[in-house]
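Q: Have a look at this one before I ask anything.
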Amino acid sequence: MMAVKNAMTNEFLHSAYGGESMAHMRYLIWADVADKEGFPNVGRLFRAVAYAEQVHASNHFRVIGGETADSSVTAGGVFGNNKTADNLQGAINGELHEVDQMYPVYLNAAELQGESDAKRSFHFALEAEKMHADLFQKALNSVKEGKDIELDSIYVCPVCGHTILNEAPDNCPVCGCKKEKYKKF
């Protein structure tokens, strides 16, 4: 029994759940690679964004209604090289796929079909993925220069996955969550 009324939105939720779940694991693996290559801040960034991807997957799973989600969809990613620069490029590619292609279509379908919970879940993910792509690009630029990314702290909203460096906002600009609830990395 699906929690959403429309099969297309249900399929999109399952696909998004699978993709976000795989991104979560991929980023944790790549964090270890970055650490081993001497980029601990890049590793921390991967772990923070992995948490944000878990937030997205959890949101999608709740909207699905907790039914088993089976998806073979993945967006970008290079596993074999074990090079931080390649992994960052894979992360950028995956995030941009979600921003430019996947979530706009999913969001439009949910809106057209009147699926407000799915629409909110897709919107939260879309807005966070924009930030993730930008953060990964900054990290890649540093790594290409042989340096770790400079950062103090990374903060992730536990409601929508909004990710920001150095200081959490008083209220999340995406979902309104209070500063105190942000998870610090």
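Rule-based calculations on the coordinates, nothing more; no lab input. Everything quoted here is computed from the prediction, not taken from an experiment. Cβ: placed from backbone, ideal geometry, glycine included. Neighbour counts: every protein chain shown.
Q: If you go through segment 46-54 one residue at a time, do you hit one that is hydroxyl-bearing (Ser, Thr, Tyr), under 17 Å from Lys183 (Cα atoms) and free of Cβ contacts under 8 Å to residues at least 40 places away in the same chain?
A: no
Q: Only residues that are closer than 13 Å to Ala23 by Cβ and among the hydrophobic types (A, V, I, L, M, F, W, C): list them for segment 83-98, please.
A: If the condition is that a residue be closer than 13 Å to Ala23 by Cβ and among the hydrophobic types (A, V, I, L, M, F, W, C), then Ala91, Ile92, Leu96 are the ones that fit.
Q: If you take the residues of segment 118-141 that are surrounded by fewer than 23 Cβ atoms within 10 Å (Cβ to Cβ) and among the acidic types (Asp, Glu), which of them is nearest to the chain's Cα centre (by Cα)?
A: Among those residues, the one meeting the criterion is Glu127.
Q: From Glu145, Glu115, Glu167, Glu150, grab the single residue that is loosely packed, with under 13 Cβ neighbours inside 10 Å and in contact (Cβ under 8 Å) with a residue 60 or more places away in the chain.
A: Going through Glu145, Glu115, Glu167, Glu150 in turn, just one is loosely packed, with under 13 Cβ neighbours inside 10 Å and in contact (Cβ under 8 Å) with a residue 60 or more places away in the chain: Glu150.
Q: Among the listed residues Glu20, Glu11, which satisfies the condition of being of a type in the set (Asp, Glu) and buried (at least 24 other Cβ atoms within 10 Å of the Cβ)?
A: Glu20
Q: If you scan segment 28-61, which residues turn out to be in a loop (DSSP other than H, G, I, E, B) and either crowded, with 24+ Cβ neighbours inside 10 Å or in contact with a Lys or Arg (Cβ under 9 Å, 6 or more places away or on another chain) (or both)?
A: Selection gives Glu37, Phe39.
Q: Quick one: how many residues across segment 28-53 are under 22 Å from Glu167 (Cα atoms) and either out of contact with any helix residue (DSSP H, G or I) (no Cβ under 9 Å at 6 or more places or on another chain) or aromatic (Phe, Trp, Tyr) (or both)?
A: The qualifying residues number 3.
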